[in-house]
Amino acid sequence: MSLGVTQNKTYLNIREGKIVHKSPAGQEALYDFIEGYLVDITTKERDFKGELLKYWYIDITDRSGVAYSLALPYSSGVAKGIFNSLASATDLTKEIKIQPYQSGDFTKVVVTQGGDRLSWKYPELPPVEEVKVGDKLVKDDSKRMELFTRIVEEIVTKVNTII
């Protein structure tokens, strides 16, 4: 038998170069970074204005044991940057720092570990293709997202290794 206390997570997202925490009352607090230990990465669908959208949830616990879950849209460039950086980490049991920033109209992200910036493991990504659906050309990123699904599986395997 084991005993434990269920801990609530603080849900966060990233917008305009900041980490955003929205309180139940709707007030927003902005932060420059999140730092802690990677616990898990999952996907879930959630309702957004009547449409089901897929999101990544990056679960992080800080040094004092407080749990956070960073929610990012499934095809988000920020999520891809975080995952590609985490894939290059040699030891995912060590603390990481995720720091978004604004560059022109885009939000970008730097991931560090032990003060060292984690570079992308996969600098060359599968191209986004254009496919014809009916009479319209539509962007198809399915090959790129397959790569990121494999990257996340690799990361989660490293984080959840049973000793």
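The values are calculated or read from the model by the stated rules, or taken from the named source; none is laboratory data. From a predicted model like this one, the values you see are computed outputs, not experimental measurements. Ideal geometry is used to build each Cβ from the backbone, glycine not excepted, and the neighbour counts take in all protein chains shown. Keep in mind that these areas ignore ligands, DNA and RNA; they rest on the heavy atoms of the full protein, side chains included. Shrake-Rupley method; radii C 1.70, N 1.55, O 1.52, S 1.80 Å.
Things to note:
- Three-way shape label, segment 1-78, alpha-carbon gyration tensor, a/c 1.5: prolate
- Sum of side-chain charges, Trp56 neighbourhood, beta-carbon under 13 Å (Lys, Arg +1; Asp, Glu -1): 0
- Separation between Cα centres of segment 1-68 and segment 112-163, rounded to whole Å: 21 Å
- Exceeding the 18 Å Cα-Cα cut-off - candidates Lys80/Lys121; Lys80/Lys143; Lys18/Lys97; Lys9/Lys158: Lys9/Lys158
- Tilt relative to the chain, helix 77-86 - C-alpha long axis, 0 to 90 degrees, to 10: 50 degrees
- Sorting Ser142, Ser23, Ser85 on solvent-accessible area from highest to lowest, probe radius 1.4 Å, gives Ser142, Ser23, Ser85.
- Fraction of accessible area attributable to carbon and sulfur, the chain (%, probe 1.4 Å): 51 percent
- Answer label for Cα Rg over 2.2 N^0.38 Å (calculated), chosen among [x] 1.16; [y] 1.11; [z] 1.06: [y]
- Rg over Rh for segment 95-163 works out to 1.09, using Cα positions for both radii and the Kirkwood form for Rh.
- Residues in the chain average 65 Å² of solvent-accessible surface per residue, probe 1.4 Å, ligands and nucleic acids excluded.
- Listed residues Ala71, Ala25, Ala89, most fluctuating in the chain (Gaussian network, C-alpha, under 10 Å): Ala25
- For segment 1-107, the set of trypsin sites (Lys or Arg not before Pro) satisfying both a DSSP loop assignment and a count of at most 13 other C-beta atoms within 10 Å is given as Lys49, Arg63, Lys94.
- Mean Cβ count within 10 Å, highest first, over the residues of peptides 130-136, 149-155: 149-155, 130-136
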